[in-house]
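Everything below concerns the one structure shown next.
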């Protein structure tokens, strides 16, 4: 008599793939996306509240800024160190505990009696951020069949891109209306809902991390040249995108001539583009992973160059901001899937490496672009810097693909020689 597991496997092969029935698949992904939304809101929702927080704790603007920059650094640390620590455990259980960590961090921020305690809460929540997306990307890909993996990853990341669009205005509006602590209370509630959703809707892993791999094998995978090269592509791609975007308000007001009151709407347009690009990027990566990444990085380079050249033309800038969001974020699902596929049977740490690489790229791009502003390039400097980053990322990608193809040909030749002998 067939067991429940046999029936589930039959459904997997005949219907929606690894998650079971078609009805099961999207709900599990939606639960992950909700977690991603809450985490993204934690990262971005505080930006518009920094003046209120600084005044409330009696600290300088620079100290308040550490609540953002310290968060980003902790994301990169958590994406690697915490991911390594949890790789041996069941991934669903890991996600649940990470959400508990996320809830605790935001709860601490909501009730923090001092700036120092607030910073501790931010660090705790940030440690969850990197590991959640590292493990969540593997879980999302495991919920679906092979040809839909990038799409599943993009759906999970959709929560983050929605937070990009809504995080700052929603967090700022709530904080100004009911006090900045109310924003963190709201994020805490979102975390609780996501925790319940993941517990109920994400199926348990068929194998634990310990049974399929171990920390040593994960670390060995992380040293593979192809994995490292793929991580470098992520650093350069998002370093270019975020480096240009970080200072885009200065470009819009000082070069294009937009009034400051128009900037939020233009940023919202970028956010809408990022949401579209993330979903489209998942679909095209499922169809042709490497070719889609080549096209996206080429497009990103071209858009940034065009932006720098036409920064004084308002109508062109409006179009290019939308394209920048679409093309820039279209790379995210493919980059995540590529490094996971290169890792083979040990994808968890590789996934974490890519999350860390994206955040390192964010910090590096913003830092270098900030220095370039003081040169003769002025407020178009970040756009030129972003184009250089994206172009270099394309070169690295083409180089690693050529090397992989050459290695494959040599292996085929060696196999042919063995057959003849």
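The values are calculated or read from the model by the stated rules, or taken from the named source; none is laboratory data. Values in this document were obtained by computation on a predicted structure and should not be read as measured data. All Cβ positions, even for glycine, are placed from backbone atoms using ideal geometry, and neighbour counts span all protein chains on display.
Before moving on, here are some points about what is shown:
- The single condition from (1) within 30 Å of residue 59 (Cβ to Cβ); (2) buried (at least 18 other Cβ atoms within 10 Å of the Cβ); (3) in contact (Cβ under 8 Å) with a residue 24 or more places away in the chain that residue 134 fails is (1).
- Within the range 165-177, the residues that satisfy the criterion of being in contact with a helix residue (DSSP H, G or I) (Cβ under 6 Å, 6 or more places away or on another chain) and surrounded by fewer than 24 Cβ atoms within 10 Å (Cβ to Cβ) are 165, 168, 172, 174, 175.
- Flag for residue 122 being part of a helix (DSSP H, G or I) and not assigned by TED's automatic domain parsing to the domain that holds residue 231: yes
- Verdict on residue 111 being in contact (Cβ under 8 Å) with a residue 12 or more places away in the chain and under 28 Å from residue 350 (Cα atoms): no
- Condition check for residue 337: in contact with a helix residue (DSSP H, G or I) (Cβ under 7 Å, 6 or more places away or on another chain) and modelled with pLDDT of 90 or more: no
- Listing of helices (runs of 4 or more DSSP H) fully contained in the range 38-108 that carry 2 or more residues being modelled with pLDDT under 90, in the same structural domain as residue 158 (by TED's automatic domain parsing) and under 17 Å from residue 160 (Cα atoms): 61-77
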